[in-house]
Amino acid sequence: MLALGGLAVLLVVLQGSGGFTVELLGADLLLAVAGFRVTHALLEAAVVEGRAPLRAWYGQQLGHRVALLAIVLGVVLLAAAAGRPEPAAQAGLDALAGLPGGGNWWLHAERTGLLDAHGLPRDWYADRPGTVDPLGVLWLVGLLVQLGLGWPLVLVPLRALLRVRTRRAALTRLLPALVALAYLAWLVGPLRTAGGAPVAELALGTHVRAAEFLLGAVAAVAAVGLHGRRIPAWVAPVLAVVGVGGLVALAVLATWYPVDWLRRGGPTGAAAGAALLLLAVQLPGHGPVAAALGRGLPLELGRVAYPLLLLHLPAFWLVQRGVPTVRPAALLLVGTALAWLVGLLLQDGLLRRWRARWRAYASVPLVVLAVLAVGAGGAGLFLRGTDVPPQLPGPPRADRPVVLVLGGSTGGDLAAALAAAGDAYAVRDATRPGCGLLPTGLPEPERARLSAWAQLPGPAQPPCAGWAARWRDEVAALRPVAVLLDLGSDAAPARVPASAPTPCRPGFRTFYRQLLDDAVRALGTGPDAAPVLLADARAGTGAARCFNALVAEAVATHPTLVPLDVEALVCPGGVCAEVIEFGHPSSDTAHLSTSERDEVGPWLAAAVRTELAPERAAARAEQAAGTCPAATDRGVDGAGC
């Protein structure tokens, strides 16, 4: 049983290193093992001693699981505080959500846009999926916390209600009840799929994943009820072969068809295979399957499973910070060895000795204080390093005119810069990472090196479609005095699908000119329309030269468009200074560093003030009232307006 938990964690570790993409299979096995262990421990004690030791159970979780989680989160936050402020702020936010066991729901809110809808801060850095997230496994820890702490409060009353006091009663009364309960829990997934639930909910929702935990509980009840009975010698090997065969087959299906695998109950099937394997280990406890898994490396792996689960991504993260180009195989070997060593020191060297001296009146307040300290540290990091949160859509304040910011993640940088430049304007950040005018976003980033993304069916594509309707709604609701528009995401050299034209291809010019015309109409074209400050693409963003020629053409064609040459300010003469903050490069070639935002903010505010001056507004109104010469190629290569 210990060994299977260790093997499940090993699958998660392999996946987080970037060398494997077996979707949620490691998590499925781990959830089933957790359900087995919780149920087996409480039910076996109840059958033998007459009562379930709930107080001792929860004391162990507080003294071991919660304490170790607080230690790991505290160390990660301290290390993150020494780096760039944006990732540190994101780590603080993740720690706040993950510490009480809500990491899966927080990630679900991020992946489904719920944070966007409520105006909460977001992580806008499009290059983040290519790096290790030290807290990327908190979604799985959240599932284990919620199910592991909530299930005993269901199991103990159910045992009392069914009057289960013997092993025979466990088989005849409790087992059918749990089978029915597991079946009802399994129905939640198909019902939510039929109801149009997003993939993130099927992968992260506790209500969907509870069936896997309950299947492990069913195996535990069967193991307790059959304990001491004579079981034919062939039963355990057959169960083991069927269970392992099912896991392997589902692993292949999960890799080939990740979305269909989630929508058609693949995780529950994997948990059923794990339940058969768990039962094979216990029938009997001294049989060949138990002997193979009860010694050597599998047993040692099981003993350090929980620390390894918590520590492997922080270890990978530290290794990658030291060697950014480390390959997945090296990351796996070095990071896993480091996590294993530190886990042994913490679990066997520190926490076990502390548990031996456990005194509830002193230890419980100590753990609570540690949890509160980590929560305060996470909140402090977030408040120190986060960008200005976007404001909720609604009527503009009477005392400040509204500037609406649209486009991709670089536009989010511009919004933060303008908001930090002063209180002259109320900035509404309505940007979406990776989005411009093209109907699809950037190709899926590398799946490696981020456990929470690697174990979902591919990174969530930014919802770039329907921008015209969204923009019209924003303009109608806020009535902004000016619009900042960043379309740099459309200058990327790669597209989805790969056959789509790029800015330097002949077919792109006509196609994108029509999109720009649609964008201008969505934002307003009349004499009273707000000026649209259109930013150019940064030099490091794909085919920036070809794309910026199209931008210049559009500015020359449409009266409401105003050129915004951010690149000339950030990279004068075409030379971009490398900014070092906290010992690390502060940004990539597409986004703005914190120091660059400080420089750009006052310049943006001045640009907006210039365009709102009465003489500029009058000039735009006169230009809008005229007509442009009919030419097939207006703007940069034509007469213009």
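The values are calculated or read from the model by the stated rules, or taken from the named source; none is laboratory data. Keep in mind the model is a prediction, meaning the values are calculated, not measured. Please note: Cβ atoms are built from the backbone with ideal geometry, for glycine as well, and neighbour counts cover all protein chains shown.
Selection of the range 153-197 for residues being of a type in the set (A, V, I, L, M, F, W, C), over 16 Å from THR39 (Cα atoms) and in contact with a Ser or Thr (Cβ under 8 Å, 6 or more places away or on another chain) yields only TRP186.
You will find that of GLY243, GLY225, GLY269, the residue that is touching a residue at least 12 places away in the same chain (Cβ under 8 Å) and within 26 Å of ALA45 (Cα to Cα) is GLY225 and no other. With the condition being crowded, with 22+ Cβ neighbours inside 10 Å and modelled with pLDDT of 75 or more, I'd like the helices (runs of 4 or more DSSP H) fully within the range 241-302 carrying at least 2 qualifying residues. It comes to 258-263, 266-282. Does the range 471-482 contain at least one residue that is surrounded by 22 or more Cβ atoms within 10 Å (Cβ to Cβ) and modelled with pLDDT under 50? Checking the range 471-482: not a single residue is surrounded by 22 or more Cβ atoms within 10 Å (Cβ to Cβ) and modelled with pLDDT under 50. The set of residues in the range 303-339 being out of contact with any Lys or Arg (no Cβ under 9 Å at 6 or more places or on another chain), hydroxyl-bearing (Ser, Thr, Tyr) and part of a helix (DSSP H, G or I) consists of THR336 alone. ARG209 passes every criterion in (1) among the basic types (Lys, Arg); (2) under 18 Å from GLY102 (Cβ atoms); (3) free of Cβ contacts under 8 Å to residues at least 40 places away in the same chain apart from (3). Within the range 568-589, none of the residues are of a type in the set (Phe, Trp, Tyr), modelled with pLDDT of 65 or more and either outside the structural domain of PRO324 (by TED's automatic domain parsing) or not in a loop (DSSP other than H, G, I, E, B) (or both).
Do we have PRO307 as surrounded by 24 or more Cβ atoms within 10 Å (Cβ to Cβ) and farther than 19 Å from LEU25 by Cα here? Let's see the steps before the verdict.
On the way: surrounded by 24 or more Cβ atoms within 10 Å (Cβ to Cβ): yes; farther than 19 Å from LEU25 by Cα: yes.
Taking the combined requirement at face value, the residue satisfies it.
Selection over the range 34-54 of residues that are closer than 16 Å to VAL137 by Cβ and crowded, with 24+ Cβ neighbours inside 10 Å gives a count of 0. The C-beta contact set for the range 32-53 (first residue under 20 Å from LEU181 (Cα atoms), second residue of a type in the set (D, E, K, R) and buried (at least 18 other Cβ atoms within 10 Å of the Cβ), distance under 8 angstrom, 6+ apart or interchain) comprises ALA32/GLU212; GLY35/GLU212; LEU43/ARG159.
Looking across the range 93-134, the residues that are part of a helix (DSSP H, G or I), modelled with pLDDT of 55 or more and closer than 25 Å to LEU318 by Cβ come down to LEU93, ASP94, ALA95, LEU96, ALA97, GLY98, GLY103, ASN104, TRP106, LEU107, GLU110. Counting just the residues of the range 206-238 that are farther than 17 Å from LEU4 by Cα and in contact with a Phe, Trp or Tyr (Cβ under 8 Å, 6 or more places away or on another chain), which one comes out surrounded by the fewest Cβ atoms within 10 Å (Cβ to Cβ)? Step by step, filter the range 206-238, then rank; the result is THR206.
Check the range 504-522 and report whether any residue there is part of a loop (DSSP other than H, G, I, E, B), closer than 21 Å to GLY434 by Cβ and modelled with pLDDT under 90. First the steps, then the outcome.
Taking the range 504-522 as the starting set, the residues that turn out to be part of a loop (DSSP other than H, G, I, E, B) are 504-505.
Cutting the leftovers down to closer than 21 Å to GLY434 by Cβ gives us 504-505.
So of that shortlist, the ones also modelled with pLDDT under 90 come out as 504-505.
Checked the range 504-522: at least one residue is part of a loop (DSSP other than H, G, I, E, B), closer than 21 Å to GLY434 by Cβ and modelled with pLDDT under 90.
Does any residue of the range 398-409 turn out to be at pLDDT 80 or above, assigned to a helix (DSSP H, G or I) and surrounded by 12 or more Cβ atoms within 10 Å (Cβ to Cβ)? No, the range 398-409 has no match at all. Among the residues of the range 161-183, is any surrounded by 17 or more Cβ atoms within 10 Å (Cβ to Cβ), in a helix (DSSP H, G or I) and among the aromatic types (Phe, Trp, Tyr)? Within the range 161-183 (the criterion being surrounded by 17 or more Cβ atoms within 10 Å (Cβ to Cβ), in a helix (DSSP H, G or I) and among the aromatic types (Phe, Trp, Tyr)), the answer is no, since none of the residues qualifies.
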